[in-house]
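What follows is a single structure, written as structure tokens, with notes after it.
Just so it is clear, none of the values below were taken in a lab; they were calculated from the coordinates. Computed from a predicted structure; not experimentally measured. Neighbour counts run over all protein chains shown; Cβ positions are idealised from the backbone, glycine included.
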Amino acid sequence: MARLEPRGEPATAANAVAVWRTLFDRFAPLLGPLSTLALFERSLAQHVGRFPWLPQLGPTLFPAQAFDVFSRSLDGQTPEHIAAANRALLVTYTDDLADLIGPSLANRFLLSAFPPDDGQPI
């Protein structure tokens, strides 16, 4: 997950949303936009107890709307809280993705979305 976090700069809502936009742009054509969004919604729901400021998304939202709601929920949070929440969401998302399509294929998807440029593992 280190490669999916900002390097040497504070975590911001914009940084967090940028990671999710990259995932959605890469995964939606492969998994379908509804499945991609459902994994994101599930990740949010699993972590709202630990991060009560995370949103619960409605089933009628489109990805762009979901990102707006998610971004607004991060406003006012400390960089540490944003980084911790986004890390937890990404771990859950990637674990759920691996459960659905297998770890090898999930890793290939992640590598295609975030190609190695610095030798860090995903």
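Could you calculate the FRET efficiency of Ala14 with Ala84 from 1/(1 + (r/R0)^6), where r is the beta carbon distance between them and R0 is 22 Å, rounded to 0.05? Provide the component values of the computation, followed by the final result.
Numbers: r = 17 Å, r/R0 = 0.77.
According to the calculation, E is roughly 0.85.
Defining a contact as two alpha carbons under 8 Å apart and six or more residues distant in sequence, what relative contact order in percent does the chain show? The partial results should precede the final answer.
Working: 109 pairs, mean separation 47.3, N = 122.
About 39 percent, as a whole number.
Between Gln46 and Ala28, 0.36 nm times their residue separation minus their Cα-Cα distance comes to what? Kindly include the intermediate steps, with their values, before the conclusion.
Working: separation 18, 0.36 × 18 = 6.48 nm, distance 2.13 nm.
Here the segment from Gln46 to Ala28 would lengthen by 4.4 nm.
On full extension of the chain, what length is gained from Ser112 through Ala38, given 0.36 nm per residue of separation minus the C-alpha to C-alpha distance? Kindly include the intermediate steps, with their values, before the conclusion.
Details: separation 74, 0.36 × 74 = 26.64 nm, distance 2.06 nm.
The span from Ser112 to Ala38 would gain 24.6 nm if fully extended.
Given R0 = 35 Å, the distance between the Cβ atoms of Ser71 and Ser104 translates into a calculated FRET efficiency of 0.60. Per-residue extension of 0.36 nm, minus the Cα-Cα distance of Ala64 and Asp95, leaves a gain of 8.8 nm for this segment.
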